[in-house]
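What follows is a short report on a single structure.
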Amino acid sequence: MNNLPSVQPVTLKGTHVLLEPMTWSHLPDLCEVGLDPELWRWTPMAVRTPEEMRTYVEEALNAQERGTALPFVTIERKSGRIIGSTRYGNIDMVHKGVEIGWTWITKDWQRTAINTEAKYLMLRHAFESLECIRVQLKTDSLNERSRAAILRLGAREEGIFRNHMMTYTGRVRHTAYYSIIIGEWPVVKVRLEDFLRRPSGKERPSPMEEFPC
């Protein structure tokens, strides 16, 4: 009998952000805020039209149904507005691992505490509730800003997957892989909690400025 915890839809609540399991009811709000082409510059897919956003949501929910993903909408708590999305992916509870990624946040909320707190909530849930021993993160090898942000989060670089995937522009993408493992989590947790206790403000540098995968 496999007694490992399964990844069930869960709402993760922080001071600044609410991560709510994605449903079809979120599609109109995602279309309202998520069709800026710049948000998808570093991702393999293009989401520029309502039809492409519908496909994006459909693929996310299909992956959830297969048990390999848990997608969230990112909600700014003060306003209650959806400002982006993120998810657990490549879920493998046999080997106690998940990936955090597929993240985008509207421009108005980049360079704030929003993404840092979202990553903190997801890491805490992965290590402390799901009992993961490894959390994986990745980004386009050319996305230096995202790579630096992942390192500031406390992850360790593991290497580059060369010719890893094709992007919607036809470019061959190399992907940089990172991880945080269970033995590193206590130190990472303290660092993130220390950051999140500081006075908030949009101009405050954030460890996780943006995090497209």
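Here, each number is a calculation from the coordinates, and none is a lab measurement. Bear in mind the structure is a predicted one, so any value in this text is a computation, not a measurement. Here the Cβ positions follow ideal geometry from the backbone for every residue, glycine too, while neighbour counts run over all protein chains shown.
The sum of -39500 (n - 2.57) across all DSSP H runs of n ≥ 4, divided by the residue count of the chain, sets its helix-only mean residue ellipticity at 222 nm to -8500 deg cm²/dmol.
If I build a Gaussian network model for the chain, linking alpha-carbon pairs within less than 10 angstrom, which residue out of I83, I100, I182 has the largest mean-square fluctuation? Among I83, I100, I182, the largest mean-square fluctuation in the Gaussian network model of the chain belongs to I182. Fewest neighbouring Cβ atoms within 10 Å first, the residues F161, F72 line up as F161, F72. Each other residue within a Cβ distance under 12 Å of E58 adds +1 if Lys or Arg and -1 if Asp or Glu, for a net charge of -3.
From the coordinates of this entry, Cα extents along the principal axes in Å is computed, and it appears in [x] 58, 40, 31; [y] 43, 42, 34; [z] 55, 44, 35 under the label [y].
The DSSP beta bridges internal to the chain are antiparallel in roughly 90% of cases. Comparing G170, G67, G34 in a Gaussian network model of the chain, where Cα atoms under 10 Å apart are tied by springs, the biggest mean-square fluctuation is seen for G170.
Counting other C-beta atoms within 10 Å, which of M22, M93, M122 has the fewest, and how do the rest follow?
M93, M122, M22
All other residues whose Cβ lies under 9 angstrom from that of R147 are scored, Lys and Arg at +1 and Asp and Glu at -1, for a net of -2.
Modelled this way, with points 7 Å down the Cα-to-C-beta line, the labels at D194 and D29 are 3.4 nm from one another. Of K96, K78, K107, the residue with the greatest mean-square motion in the GNM of the chain, using alpha carbon springs below 10 Å, is K78.
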